[in-house]
Amino acid sequence: MFNPNNVVRNNIRNLKPYSSARDEFKGEANIFLDANENSLGSPLLKWYNRYPDPMQWKIKQKLSVIKQVPVDQIFLGNGSDEPIDLLFRCFCEPGVDEVIVFPPTYGMYEVSANINNVHLSKVPLTKEFQLDLEALESAIKPHSKIIWICSPNNPSGNSIDRQDIEMVLNNFDGLVVVDEAYINFSRQKSLVTDLADYPNLVVLQTLSKAWGLAGLRVGMAFASSEIIGYLNKVKPPYNISEPVQELALKALDEIGQVNDMILQLVDARKQLELDFVKSPQVVKVYPSDANFLLVEFTQARAMYDYLVGKGIVVRDRSNVLLCDNCLRITVGTDAENLKLVDAINSFQ
Ligand SMILES: *Cc1c(COP(=O)(O)O)cnc(C)c1O
């Protein structure tokens with residue numbers, strides 16, 4: 001049976017975390033002289049003179065209802081980047097432990113591994129951008145601690161087969177992190193509701209994509225309360241600022257609006273796909289479960305430069321494994337998409 005206490009680094013298991021003024025006194029009081037804040041106020045609104053809730057309980061209570069996950073199984077970070085880094089710092093001994101990724105995928109796992117001096121093994125996805133389970137089996141070593149799966153995957157856009165993810169969860173005794181940054185655009189069901197079945201599962205989500213709040217920097221991790229406890233132990237005490245907490249709380253009341261945007265973006269993605277396949281410059285449009293499309297062109301770099309000349313910036317992925325001549329194109333507004341398609345069709 002998987003036990004996170006056997007996987008976590010010794011120094012983190014034994015760590016006595018920082019205890020803030022807000023941790024040490026939680027009762028009711030009128031006069032707070034315990035945190036060396038400015039008692040007079042601030043040049044902005046009055047309440048910004050106070051430190052924010054270190055555990056972001058109000059946001060977690062709302063998320064708990066939306067995601068059907070208990071509050072102690074939710075971690076909030078400064079973007080997904082923060083839980084990604086914290087997972088390395090909590091569970092991977094620098095110079096000793098290893099992690100496994102499936103390229104082509106999100107670049108942050110590798111950067112974070114390098115920052116933390118943790119060896120990273122690459123098991124390429126198949127040509128259909130699915131897991132190669134045989135190759136994975138031979139890549140798993142005694143010191144492998146985390147397997148990073150991105151589903152829907154960036155930059156390919158497809159979802160990873162659910163059965164394959166379950167196979168990895170059932171057979172690996174380290175952590176399996178499933179990055180669901182694009183899950184709201186997908187036909188596939190999130191794994192957050194299956195946390196009870198998989199003690200080694202960590203699900204990452206974010207407010208940056210479907211929720212439309214990339215500027216806010218709020219990422220979420222969902223896992224067992226033991227795993228979340230370790231992330232909380234290591235995070236900086238006040239990792240989400242007061243204005244960000246207030247805005248996130250407001251945004252979480254607007255699920256209806258977010259669901260409308262998701263439907264619009266998925267419709268627009270389908271329309272873009274239809275428009276792209278008609279273009280003689282396009283070789284292939286990969287199936288997408290996200291708010292972007294991976295598109296193979298006859299000459300990707302020339303098309304990229306041509307589009308930049310027209311003031312349109314897409315992401316050149318043509319030097320990435322399995323993405324020869326591919327550009328990654330985010331779904332825009334209807335007006336933006338029209339201009340993009342016009343530009344591609346006028347390429348010569
Ligand atoms: C965009 C993206 C994220 C989001 O990162 P934030 O730091 O939360 O903005 C996470 N994972 C993947 C795969 C992404 O493409």
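The values are calculated or read from the model by the stated rules, or taken from the named source; none is laboratory data. Computed from a predicted model, the values in this text were never measured in an experiment. FYI the Cβ positions are ideal-geometry reconstructions off the backbone, even for glycines, and counts take in every protein chain you see. Side chains are part of the model used for accessible areas, which takes the heavy atoms of the whole protein and leaves out ligands, DNA and RNA. Shrake-Rupley method; radii C 1.70, N 1.55, O 1.52, S 1.80 Å.
With respect to Ser208, determine if the residue is within 19 Å of the chain's Cα centre (by Cα) and either open to solvent by 20 Å² or more (accessible area, probe 1.4 Å) or within 16 Å of the ligand (Cβ to nearest atom) (or both).
Yes; evaluated as a whole, the condition is true for this residue.
Can you say whether Asn153 is within 16 Å of the ligand (Cβ to nearest atom), assigned by TED's automatic domain parsing to the domain that holds Tyr198, touching a strand residue (DSSP E or B) at 6+ places or on another chain (Cβ under 9 Å) and open to solvent by 50 Å² or more (accessible area, probe 1.4 Å), as far as the supplied structure shows?
Taking the combined requirement at face value, the residue does not satisfy it.
Look through the stretch 194-205, keep the residues that are open to solvent by 20 Å² or more (accessible area, probe 1.4 Å) and of a type outside the set (Ser, Thr, Tyr), and return whichever of them is nearest to the ligand (Cβ to nearest atom).
Here the residue is Asp194.
Assigned to a loop (DSSP other than H, G, I, E, B), among the charged types (D, E, K, R), out of contact with any Lys or Arg (no Cβ under 7 Å at 6 or more places or on another chain) and farther than 30 Å from Pro54 by Cβ - does that describe any residue in the stretch 243-256?
No; the residues of the stretch 243-256 include none that is assigned to a loop (DSSP other than H, G, I, E, B), among the charged types (D, E, K, R), out of contact with any Lys or Arg (no Cβ under 7 Å at 6 or more places or on another chain) and farther than 30 Å from Pro54 by Cβ.
Can you go through Asp179, Asp164 and tell me which one is within 16 Å of the ligand (Cβ to nearest atom) and modelled with pLDDT of 95 or more?
Asp179 is the lone residue from the list that is within 16 Å of the ligand (Cβ to nearest atom) and modelled with pLDDT of 95 or more.
Quickly run through the stretch 156-172 and pick out the residues that are over 17 Å from Val203 (Cβ atoms) and surrounded by 22 or more Cβ atoms within 10 Å (Cβ to Cβ).
Ser156, Gly157, listed by residue number.
Return the residues of the stretch 217-234 that are of a type in the set (Asp, Glu) and within 15 Å of the ligand (Cβ to nearest atom); say none if nothing qualifies.
None; the set is empty.
When only residues in the stretch 179-193 that are buried (at least 22 other Cβ atoms within 10 Å of the Cβ) and within 22 Å of Lys127 (Cβ to Cβ) count, which is nearest to the chain's Cα centre (by Cα)?
For the stretch 179-193, the residue satisfying everything is Asp179.
Show me the strands (runs of 3 or more DSSP E) entirely contained within the stretch 48-122 in which 1 or more residues are among the basic types (Lys, Arg).
119-122
Take the residues of the stretch 13-38 that are at pLDDT below 95 and not in a loop (DSSP other than H, G, I, E, B): which is nearest to Cys92 (Cα to Cα)?
Only one residue fits best here, namely Asp23.
When only residues in the stretch 44-71 that are closer than 20 Å to Arg217 by Cα and open to solvent by 80 Å² or more (accessible area, probe 1.4 Å) count, which is farthest from the ligand (Cβ to nearest atom)?
Tyr51
Within the group Val258, Val277, Val295, Val283, which residue is under 23 Å from the mean Cα position of the chain (by Cα) and surrounded by fewer than 19 Cβ atoms within 10 Å (Cβ to Cβ)?
Every option except Val258 fails the conditions.
Given the criterion among the aliphatic types (A, V, I, L, M), in contact with a helix residue (DSSP H, G or I) (Cβ under 9 Å, 6 or more places away or on another chain) and over 30 Å from Asp334 (Cα atoms), identify the matching residue among Val192, Val266.
Exactly one of Val192, Val266 is among the aliphatic types (A, V, I, L, M), in contact with a helix residue (DSSP H, G or I) (Cβ under 9 Å, 6 or more places away or on another chain) and over 30 Å from Asp334 (Cα atoms), namely Val192.
Considering only residues that are among the acidic types (Asp, Glu) and surrounded by fewer than 21 Cβ atoms within 10 Å (Cβ to Cβ), look in the stretch 72-84 and name the one that is farthest from the ligand (Cβ to nearest atom).
Step by step, filter the stretch 72-84, then rank; the result is Asp72.
Restricting to the stretch 11-41, and then to whatever is free of Cβ contacts under 8 Å to residues at least 40 places away in the same chain and of a type in the set (S, T, N, Q), can you tell me which residue is nearest to Ser225 (Cα to Cα)?
Asn14
Table: residues versus (1) without any contact (Cβ under 8 Å) to a residue 24 or more places away in the chain; (2) surrounded by fewer than 14 Cβ atoms within 10 Å (Cβ to Cβ); (3) within 18 Å of the chain's Cα centre (by Cα).
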residue: Gly107; (1), (2), (3): yes, yes, yes
residue: Ala113; (1), (2), (3): no, no, yes
residue: Ala135; (1), (2), (3): yes, no, no
residue: Ala139; (1), (2), (3): no, no, no
residue: Ile149; (1), (2), (3): no, no, yes
